Amino acid sequence: MRNLSILCCALIITLISCDGRDRIHKTNAEVLKENKLFDSFSEEIKYIPELRTEILTDTILSTGFRVKIQYYALDKAYSSKTIKTSSLINKTLHFKNFEAQFQVLKNNQIIAQHVINKDVFKKFESPAFWKQAIMQFVWIDYENSTADFISINTSFNIPETDIYKDFSIIIDTFGAVKIKEVNLLENVL
């Protein structure tokens, strides 16, 4: 019984002495740094786009082609950029990568079905570009499509820069796929 009362007294003294007096002259930042929590409170994280993004298109052309495109953001794949907004706070932007699945039909027969993402275009640019770039757009190029082939364009961009790479995916009536880089810069003499 005596040991139990000594144990209770020791427990009470221990609990009373844990009132945070040692922290009274420290700033909040010092307390957070001491507990290795400062970085998590001094960083703002934002995902772009914030919500799930998906675009479905189903296009029928007079040439007999029908193109179905499903374009969507990947939740677990993104390109990051950190910006220092003040002396204590960093803002990290995570730009979500996109990919697109497309299906091309000619006279109601499936001739091609593929996924468009950064991996398809790796041979056209350096790994450093692809690490930072995200897919911006996917669209049917009506002007360059004929009765013999359909042209689908896509564009990749390094976020918050003017660095772009554009590509054209050409699918003929037999389903053969060719990819070529599109140079949008003009050479003026």
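Worth pointing out:
- Relative contact order of region 124-189, pairs being alpha-carbon contacts under 8 Å that are 6 or more residues apart, as %: 24
- Between the C-alpha center of region 168-184 and that of region 87-147 there is a gap of 13 Å.
- Take region 59-189 with all the other protein chains still there, run a 1.4 Å probe, and you get 60 Å² of accessible area per residue.
- In this view, the solvent-accessible surface of Ile69, computed with a 1.4 Å probe and all protein chains in place, comes to about 10 Å².
- The amide H of Phe137, built 1.01 Å from its N in the peptide plane, has Ser155 as neighbours under 5 Å, considering only residues 5 or more places off or on other chains.
- Going by accessible surface with a 1.4 Å probe and the largest first, Ser62, Ser151, Ser145 read Ser62, Ser145, Ser151.
- Global form of region 57-98, assessed from the alpha-carbon gyration tensor, a/c cut-off 1.5: prolate
- Gyration tensor verdict on region 112-189 (Cα atoms; rounded if a/c is under 1.5, prolate if a/b is larger than b/c, oblate otherwise): oblate
- Overall form of region 136-177 per C-alpha gyration tensor (a/c, 1.5; a/b vs b/c): prolate
- Segment Asp172..Glu50, full-extension length gain: 40.2 nm, with 0.36 nm per residue of separation and the alpha-carbon distance subtracted.
- Rounded to the nearest 10 Å², the accessible area of Thr146 at probe 1.4 Å: 60
- Relative contact order of region 74-183: 17 percent, from C-alpha pairs under 8 Å at least 6 residues apart in sequence.
- Unsatisfied cross-links (Cα-Cα over 18 Å) in the set Lys91/Lys122; Lys76/Lys131; Lys131/Lys165; Lys118/Lys180; Lys123/Lys180; Lys84/Lys118: Lys91/Lys122; Lys84/Lys118
The values are calculated or read from the model by the stated rules, or taken from the named source; none is laboratory data. As the structure is a computational prediction, the values presented were derived from the model and not from experiment. Remember, those area values only see protein heavy atoms, side chains included, never the ligands or the DNA or RNA. Shrake-Rupley method; radii C 1.70, N 1.55, O 1.52, S 1.80 Å.
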